[in-house]
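Before any comments, here is the structure.
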Amino acid sequence: MLGEASQGTESHNPSVLLLLPLSDPFMVALSLKYRILKPWESPLPLDQFLQSEAQSVRAIICSGYCSIDAHLIRSLPALQFVFTTSAGLDHVNLNDCKHWGIALANAGTLNSEDVADYAVGLLIDVLRRISAADRYLRQGLWPLQGDCPLGFKLSRKHVGIIGLGSIGLEVAKRLEGFGCIISYNSRQQKPSLPYPYFSKVCDLAAKCDVLIVCCALNSETYHIINRDVLSSLGKKGIIINVGRGKLIDEKELVKCLTHGEIGGAGLDVFENEPSVPQELFNLDNVVLSPHSAAPTAESSSDLLQLMMANLEAFFANKPLVSPVTI
């Protein structure tokens, strides 16, 4: 199949379905080897478009914003492979993929260091009020009202990490350099690590100044940060979320922030993206970001290579480069 694809004749190129546009470098690289199906350019409704291509689509490329649900999977009987550009898999129906023998690959740990950098950046911003100070200066308040309110130091803070996987471990590594005291909650205790483990998130929150949420979203972790956890974190507590928006009960978080029941938040993800609660916009103790923790200029190039390598491996019947075990 790869030999046919490399000849450049469109009729022999394997068909790859994209559910949303990718950046230009990705589109160019894909179009050189594959017949790219772009349903957003078709005048047909999505279901009719999929029906017209049902027998040709063996592979899908998607992002975390695309739902690979049971309906889509059953609309494509020839589908054998899904590559998602995210590390998270909450948008993919894993049970149906397993049932129909569909192979799955993702970004894996490619962006773990970048997300960890971003989490620490959000935390520093919230504590030291960097974005708030920037707004204060730009609004011309410095000469009128004097120095802006003081922030808080990061060093020696007690930080609880929820989800000590590849991202959580990178966060811990960085915060140790600031002299922070690390503890964690995770699906399982990791005896090889020196950090205290808490099986209950409420207990972890009660012992910490900061919670950093970076676990995967699934049925067990949905709203893992609820009213009880926020109450345990307390009026001076800070919460950072670089995982998924639905890990936090957003309505309760907004209430706690607007009523001064927790100290602040740094949020890169939200429950109903791209919708963000308006109540957060005017809070100087909240830093907001449009789901930007993972991508960097460097990691985008690496992700492109990983995507192409997985596609080439799939169409050549070779082991995937970053497979997901279902």
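How many residues are part of a helix (DSSP H, G or I) and closer than 26 Å to Asn241 by Cβ when one looks only at segment 291-323?
Residues that pass the stated criteria total 7.
Out of Ala206, Ala216, I need the residue that is free of Cβ contacts under 8 Å to residues at least 60 places away in the same chain and of a type outside the set (D, E, K, R). Which one?
Ala206
Applying the selection to segment 193-214, what residues are under 22 Å from the mean Cα position of the chain (by Cα) and either closer than 23 Å to Gly108 by Cβ or in a loop (DSSP other than H, G, I, E, B) (or both)?
Answer for segment 193-214, where residues must be under 22 Å from the mean Cα position of the chain (by Cα) and either closer than 23 Å to Gly108 by Cβ or in a loop (DSSP other than H, G, I, E, B) (or both): Ile212, Val213, Cys214.
Name the residues in segment 268-290 that are free of Cβ contacts under 8 Å to residues at least 24 places away in the same chain and under 19 Å from the mean Cα position of the chain (by Cα), would you?
Across segment 268-290, the qualifying residues are Pro274, Ser275, Val276, Leu288, Pro290.
Please work out which residue is most open to solvent (accessible area, probe 1.4 Å), limiting yourself to segment 1-24 and to residues that are modelled with pLDDT under 95 and outside any loop (DSSP other than H, G, I, E, B).
Glu10
Counting only residues that are surrounded by fewer than 13 Cβ atoms within 10 Å (Cβ to Cβ) and touching a Leu at 6+ places or on another chain (Cβ under 6 Å), how many does segment 26-52 have?
The number of residues fulfilling the criteria is 0.
When you look at Lys236, is it over 19 Å from Asp114 (Cβ atoms), open to solvent by 10 Å² or more (accessible area, probe 1.4 Å), not in a helix (DSSP H, G or I) and not polar (S, T, N, Q), yes or no?
So Lys236 fits the description; yes.
Taking interchain pairs and intrachain pairs at least six residues apart, which have beta carbon atoms under 9 angstrom, with the first residue in segment 295-323 and open to solvent by 20 Å² or more (accessible area, probe 1.4 Å) and the second outside any loop (DSSP other than H, G, I, E, B) and among the acidic types (Asp, Glu)?
Pairs that qualify, where the first residue is open to solvent by 20 Å² or more (accessible area, probe 1.4 Å) and the partner is outside any loop (DSSP other than H, G, I, E, B) and among the acidic types (Asp, Glu), are Pro295/Asp114; Thr296/Asp114; Thr296/Asp117; Glu298/Asp114; Lys318/Glu312; Val321/Glu312.
Please go through segment 101-125 and pick out each residue that is in a loop (DSSP other than H, G, I, E, B), open to solvent by 40 Å² or more (accessible area, probe 1.4 Å) and either within 17 Å of Gly177 (Cβ to Cβ) or touching a helix residue (DSSP H, G or I) at 6+ places or on another chain (Cβ under 7 Å) (or both).
Thr109, Leu110
Specify the residue that is nearest to the chain's Cα centre (by Cα); the eligible residues are those in segment 30-52 that are within 11 Å of Ser15 (Cα to Cα) and in a helix (DSSP H, G or I). Spell out the reasoning first.
Here is the first cut: in segment 30-52, the residues within 11 Å of Ser15 (Cα to Cα) are 30-31, 33-38.
In the following step, the residues that additionally are in a helix (DSSP H, G or I) were identified as 30-31, 33.
Values: Leu30: 24, Ser31: 27, Lys33: 29 Å.
The residue in question is Leu30.
Can you find even one residue in segment 218-230 that is among the hydrophobic types (A, V, I, L, M, F, W, C), open to solvent by 40 Å² or more (accessible area, probe 1.4 Å) and over 20 Å from Ile167 (Cβ atoms)?
Of all residues in segment 218-230, those among the hydrophobic types (A, V, I, L, M, F, W, C) come to 224-225, 229-230.
Checking the rest, the ones that are also open to solvent by 40 Å² or more (accessible area, probe 1.4 Å) come to none.
Among the residues of segment 218-230, not one is among the hydrophobic types (A, V, I, L, M, F, W, C), open to solvent by 40 Å² or more (accessible area, probe 1.4 Å) and over 20 Å from Ile167 (Cβ atoms), which makes the answer no.
Show me the helices (runs of 4 or more DSSP H) entirely contained within segment 126-192 in which 3 or more residues are touching a Pro at 6+ places or on another chain (Cβ under 6 Å) and buried (at least 20 other Cβ atoms within 10 Å of the Cβ).
No helices (runs of 4 or more DSSP H) qualify here.
The values are calculated or read from the model by the stated rules, or taken from the named source; none is laboratory data. What you see is a predicted model; the values in this text were computed from it and never measured. A quick note on method: Cβ atoms are made from the backbone with ideal geometry, for glycine too, and the neighbour counts reach across all protein chains shown. Areas reflect the complete protein model, heavy atoms only, side chains present, ligands, DNA and RNA absent. Shrake-Rupley method; radii C 1.70, N 1.55, O 1.52, S 1.80 Å.
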